[in-house]
Each structure stands twice: as C-alpha cells, then as structure tokens.
Amino acid sequence: MSASLRRLRPGLPALAVLSVALLGIGLVAAPPADADAAAPGGPAAVGYPEVAPAPGSAPGSAATTSPPTPSTTPSTPGTSPFPPGVPTNLAASQVRTTSITLTWTASTPGCCPVDGYDIVYYQEFSDVVFSANVGPVTTVTITNYISAGRQYSFRISARDSLGHRSTFSNLLTVVTPVTDTGPDTTPPSAPQNLTVGDVTDSTAVLSWSPSTDDVGVIGYDVYRFDGWYTSRLVATVSATTYTVPLLQPQPPTQRLLYYVRARDAAGNVSIASNTVNGPLPGTPPTTPPPSPSPSTCRVTYQKQSEWQGGFVAAVTVQNTGTAPIDGWTLSFGFPGDQEVTSAWNATVSQSGATVTARNVDWNRVLTANGSASFGFQGRWSAGNAAPTGFTLNGVPCAVG
C-alpha cells in the first residue's frame, strides 16, 4: 500500500490522506542476498498508479490518471511490546535524474519476524509526503515523483507480522542530478552557515560559507519560502552574500524564510542550506560591532641563548602611541612547558603557562615611542617555542 499525505494548512478542516492501490510501478524492491523469495504481493508503488486503458482503446495507448479518492487513515497496531529494531545505515547507492536506489541494514526482529518496511519520503520545501510499503528486503529503487535537480529526504521503519512498527531510521537527504549522461553529474556541496545580518530600516544581508564542486561553482540561487510549499527564486548571485528587502508575509499567518543552493556550470544544484527567518519591517537595525582599537604597543621577544633544559630570553616593550604610559604590565603565555626561574629589569611572576611582567621604578614610564627591556632565565623539557601573543595593560600588542 502506498499513500501521499498533505500537511494541514491554516483554514483546512482536516488532513487529507490519499490512498492508492498497489500496482508495482514507481518502486522496485530487491530481496537481500540471503532471501529465497520475493515478498508476498510484490513491491509497493509510490504515489498515483497508472490506470489501465479504457475498453476499446489501442494497446499501449496512454490512459488518464485521476486523483485517488480520499479514505480514512488505517489504524496502526501498538508498537509495544517488543517491536522490531530500527533499520540502520540508510543510504543511497545510486541517484539518477528520475530514480533513487536506497539501501539499509535489516532490522532485528522483536517479538515476531520482520514482515517488511515502510518508506516515507518527500520533496524538500513541499507539503506532500509520500509513503510506500515493501517486504523484507534491504534495497529498493524509487521512481515515482522523482525529478531532475530536486532534493528529497527519506526515512524507513520496520514492521513485523503482527503490525508492530519500529521507530524511524536516520534521515537521508539527496539531490538528483540534471543529467545522467553529461560529463558532470556531481552536484556541488551545500552552502553552510546561512545567517542574517546588517539589518537596516528596509534591508538585511544574507551571508553563507562557499560551496565546493568537482568542476566549479558558478553561482548561488537564493530562494524565499513561505514555510509550506511555495518557494520563489529571488536571485542568482556569484558572491556569498545577498541583500534582501524587509517584507511582511502575506497572509501574516505564513512564514518568511530564505535558503540558498549552489549551482555548477552543468546546471547541477546542491542540497539546500539551512533556512533562516527573514527580518520583518520594524525589526530594530543591527548595531555594527565597534572597530577594535588600534594597537599602541609592540613587543619583541628574543631568545638570547638556549641549551638542553634551559634558556635566556630578552623582551622589549615599545609604546607606539602618542601618549606616555605611566606604569605597565605585560602578559603573555608560554606555548610549551617553560618556567621562569629568575628575571631582571622587571618583576616577573608565573601562574601555569601565563607570565606577568611588571615595571620596576626606573622604567615605570614609557614615553611616546619609548621602550623598556627586561630579561629572564628559564627552564624547559618538552619544548621552548616563543610566545605569540602579548597584552600591555590589557591591550593586545603587535609582535615583532
């Protein structure tokens, strides 16, 4: 048995369940290697079946397919006690323009033998969900409602001879190529980390991480999605940012989402990025982060001598600002297991890997473009790499 279900939208009285007879089209199931016979009743169909030609029509002539009549949802036996184990390792062994071959690891029986598997799949950003039933097999090829350049997601669950059902498997998401014969049938990777920022009174900026492709990404398709089943292509851009207007969803009960898909030169499209909510009119503008204060110090660290287990280092602190610094504290961290054993021209202490050096009386003031130097002796065992980050009175310094 197979069925297609439509998600309930606001204002609809109920969820419509459309059931269709099983004629064995649109889905081909193969038994596992150790199976001796096909599942009773043959493979299940997905979606609407073909209808036999009307009496009097020529053999092989096309028949009219009419929508199935609504029916009630069949009752489902309880899932306890001892339902089958969850099918695992759901994967796609082949993805073509109009077919997707699924494979999985068979479920372990619970109280009763595993009688078959229920498959649920849907095209992304659509409100129609398709389902199909197959026997105790571990691979199936689905063709109904599979089109080129589309994204589909699948889950499966096991059922036993008494109707107990397992929980669903992992979610598998694939995208079909635009051609099966061209030189490039591999889609780009999905854009990552889609975010919204730089909100003004009327616009916002979408940004994302770039995709990769075996030949090359030529652009990105930006879509607006109403949260149900309507997606609109709003732009194709070559950059990884796009500015969108602040819109009010129509009707207001709908949502306003955006997502992005990468495109290559052959026309293959990627799996969609994550979705983000579009800011609505009246959203407070984002405040850009303050620019970091320019560094007003520079530190030079030099190992004057080094031997197995010991070293001597000299540190010079320069005030590169225009105002004098009256009293200074320099902090840095050792990247290895170094320890300071003695120091001169500064008061030096250490806590873990963090070293703190404070001025002494005679080098307390660093004039504009002035500097002070101090040195220390230390020991090490595993490594003696130089520190790479320094702060003077809490402000990061340039190094070198």
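The values are calculated or read from the model by the stated rules, or taken from the named source; none is laboratory data. Treat the numbers as computed from the prediction; the structure is a model and nothing was measured. No Cβ is skipped: glycine too gets one built from the backbone with ideal geometry, and neighbour counts run over all protein chains shown. SASA here: full protein model, heavy atoms, side chains in, ligands and nucleic acids out. Shrake-Rupley method; radii C 1.70, N 1.55, O 1.52, S 1.80 Å.
Listing for the model above:
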quantity	calculated
Boolean, Trp228 is closer than 30 Å to Leu102 by Cβ and open to solvent by less than 20 Å² (accessible area, probe 1.4 Å)	no
Test for Gln94: is it open to solvent by less than 50 Å² (accessible area, probe 1.4 Å) and under 30 Å from Gly267 (Cα atoms)	no
Test result for Thr203, surrounded by fewer than 18 Cβ atoms within 10 Å (Cβ to Cβ) and free of Cβ contacts under 8 Å to residues at least 12 places away in the same chain	no
Residue match in segment 213-221 (condition: part of a strand (DSSP E or B), farther than 30 Å from Gln94 by Cα and at pLDDT 85 or above)	no
Filter result for Pro113 (open to solvent by 20 Å² or more (accessible area, probe 1.4 Å) and either closer than 30 Å to Ala266 by Cβ or free of Cβ contacts under 8 Å to residues at least 60 places away in the same chain (or both))	yes
Hey, Thr253 among the β-branched types (Val, Ile, Thr), modelled with pLDDT under 90 and under 39 Å from the mean Cα position of the chain (by Cα) or not	yes
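Rundown of residues vs (1) at pLDDT 95 or above; (2) not small (Gly, Ala, Ser), yes/no style:
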position	(1), (2)
Pro294	no, yes
Thr300	yes, yes
Gln308	no, yes
Val317	yes, yes
Thr322	no, yes
Asp337	no, yes
Asn369	no, yes
Ala382	no, no
